[in-house]
Amino acid sequence: MLRNFRGRSEAGARGEYPKLFRNYTDTADHPKIMVNENFQKDFCRHLIGWYHSAHRTLPWRETRNPYFIWVSEAMLQQTQVQTVIPYYGRFIETFPTLIRLADADIQDVLKIWEGLGYYSRARHLYEAARIVCRTYGGTIPDTWASFRKLPGVGDYIAAAVLSFAFRQPHAVVDGNVKRVLARIFEIDEPVNQLSAKPVYQSVAKRLLSLHEPDMFNQAVMELGALICTPKNPGCENCPMSSLCRSFQNRSVSQYPKRVESRSVPTYAVSVGMVQNAQNRFLITRRAASGLLGGLWEFPGGKIQLNETPETACLREIREEVNLKVRIVENLGTIRHAYTHFRIIASVFLATADSSEVVLNGPVDYQWVSLDQISQYPLPKATHKMVALFLSKMPIPYVIRHENHMAVQKCRNGSGSRADTVHSGQFVSHQGGQGHQRR
DNA sequence: AAAGCGGGGCA
DNA sequence: TGCCCAGCTTT
């Protein structure tokens with residue numbers, strides 16, 4: 001199995017910031033952040049006025065249903081709006097109420113979440129829904145103290161849901177807000193340092209419109225998404241430029257400041273697509289917590305020193321599912337990037353004489369046909385492997401599976417399928433026992 | 001306080 | 001390729 005990467009802390013490899021800043025828990029006496037009553041009113045007038053004329057229509061802005069808003073905020077965490085839109089629609093269509101979510105199977109929730117990443121968000125949302133049903137009779141609590149306690153609900157989501165659904169005066173602080181505020185006030189505290197959070201929180205709170213907290217929160221995030229963007233900000237069209245210190249000082253490109261992030265390592269891994277005598281593939285389910293928690297994958301893991309991809313594949317399969325298999329085809333490699341590392345995975349087609357699995361690591365397993373595999377929540381990398389496999393299959397095989405999602409992606413991809421089909425690499429899967437190299 | 005946690009879009 | 005994204009949890 002591909003285990004979570006736990007890196008060593010390398011002093012010096014990271015950008016260790018000298019302590020240049022006071023730790024402001026309030027910014028009332030901050031030298032650069034001067035927000036009097038006049039400024040606050042100007043700020044809100046410019047910002048909210050712009051928002052009314054320029055904002056996008058987004059599905060979760062059409063409702064004040066706290067459950068819908070909560071779902072959207074969970075999905076939007078570290079994820080761009082355009083990515084979330086289709087997932088949001090499918091989620092609330094499948095789980096139209098909090099009670100329906102709480103009564104669902106977590107595997108079905110993960111299936112809807114598949115491809116969105118950060119799967120603990122789905123698990124926490126599901127667990128929180130069950131808690132709300134159990135503790136509050138299915139009514140989402142509308143106080144900070146009670147809502148903020150729920151799993152997966154941090155300061156941002158609590159402020160967002162309570163302000164958007166109930167118009168309570170809590171200021172949101174997300175990546176957009178920090179970028180906007182850092183530029184407007186030339187705030188030097190790095191936005192990706194934990195110690196800077198109280199500064200941005202304090203500024204946002206002092207600026208917040210108590211009259212329209214929901215509009216204010218939407219507007220400042222919308223400004224960050226549409227005008228005050230990370231690259232090429234549209235200062236010439238910005239409604240805040242007359243209030244913006246970095247615009248006046250031509251220092252916009254220097255804000256926000258951030259501490260250097262570590263470059264991610266690349267690991268060579270080896271994965272086996274193991275077929276049994278019925279031509280079904282072995283998939284295993286990962287533990288519920290941690291990387292890709294609860295998702296299904298083909299067995300495999302890191303290639304160790306002095307190992308070939310082939311021997312690593314055989315070892316991982318022996319370790320994880322205690323099967324002795326025979327490699328019949330090298331399908332090639334796929335690449336994939338996670339948060340803290342990248343992988344280059346060698347993918348092998350293998351056969352097992354026995355289907356008797358003994359798990360060590362994974363928490364469940366199934367032998368499935370390719371038609372069935374799309375019923376399980378799979379990581380993106382596993383989808384790439386399925387697509388790689390199909391790209392090596394003869395055309396009749398692919399046509400039999402033309403409804404499979406991976407086939408669609410394959411066809412929309414490099415278009416290499418026809419090439420590989422004629423490369424002499426294919427294996428027959430038309431119902432025969434075993435696999436013959438042509 | 002720092003690290004873990006996906007995947008897509010973009011210059 | 002590296003950076004960034006409507007962050008939260010765990011250690």
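Starting from residues that are farther than 15 Å from A:LYS384 by Cβ and aliphatic (A, V, I, L, M), keep the ones in region A:327-348 and report whichever is nearest to DNA strand B (Cβ to nearest atom). Ranking the candidates gives A:ILE327 first. Of the residues in region A:257-264, none is surrounded by fewer than 21 Cβ atoms within 10 Å (Cβ to Cβ), part of a strand (DSSP E or B) and either touching a helix residue (DSSP H, G or I) at 6+ places or on another chain (Cβ under 8 Å) or not assigned by TED's automatic domain parsing to the domain that holds A:HIS336 (or both).
In region A:363-379, the residues that are under 17 Å from A:ALA277 (Cα atoms) and in the same structural domain as A:VAL109 (by TED's automatic domain parsing) never reach a residue that is at pLDDT 95 or above and more than 16 Å from DNA strand C (Cβ to nearest atom) with C-beta atoms less than 8 angstrom apart, at least six apart or across chains. Picking from residues in region A:294-321 that are surrounded by 21 or more Cβ atoms within 10 Å (Cβ to Cβ) and of a type in the set (Val, Ile, Thr), the one that is nearest to A:GLY332 (Cα to Cα) is A:ILE303. Filter region A:125-167 for residues that are within 14 Å of DNA strand B (Cβ to nearest atom), closer than 18 Å to A:ILE99 by Cα and surrounded by fewer than 17 Cβ atoms within 10 Å (Cβ to Cβ) and give the result. The answer is A:PRO151, and nothing else. Report whether or not A:GLN193 is out of contact with any Asp or Glu (no Cβ under 9 Å at 6 or more places or on another chain), polar (S, T, N, Q), in the same structural domain as A:HIS52 (by TED's automatic domain parsing) and within 15 Å of DNA strand B (Cβ to nearest atom). Against the criterion (out of contact with any Asp or Glu (no Cβ under 9 Å at 6 or more places or on another chain), polar (S, T, N, Q), in the same structural domain as A:HIS52 (by TED's automatic domain parsing) and within 15 Å of DNA strand B (Cβ to nearest atom)), A:GLN193 qualifies.
Would it be correct to say that A:SER53 is at pLDDT 95 or above, of a type in the set (Gly, Ala, Ser) and more than 16 Å from DNA strand C (Cβ to nearest atom)? So A:SER53 passes the test. If only residues of region A:112-124 that are within 13 Å of DNA strand B (Cβ to nearest atom) and assigned to a helix (DSSP H, G or I) are counted, the one that is surrounded by the most Cβ atoms within 10 Å (Cβ to Cβ) is A:ALA122.
The values are calculated or read from the model by the stated rules, or taken from the named source; none is laboratory data. Keep in mind the model is a prediction, meaning the values are calculated, not measured. Please note: Cβ atoms are built from the backbone with ideal geometry, for glycine as well, and neighbour counts cover all protein chains shown.
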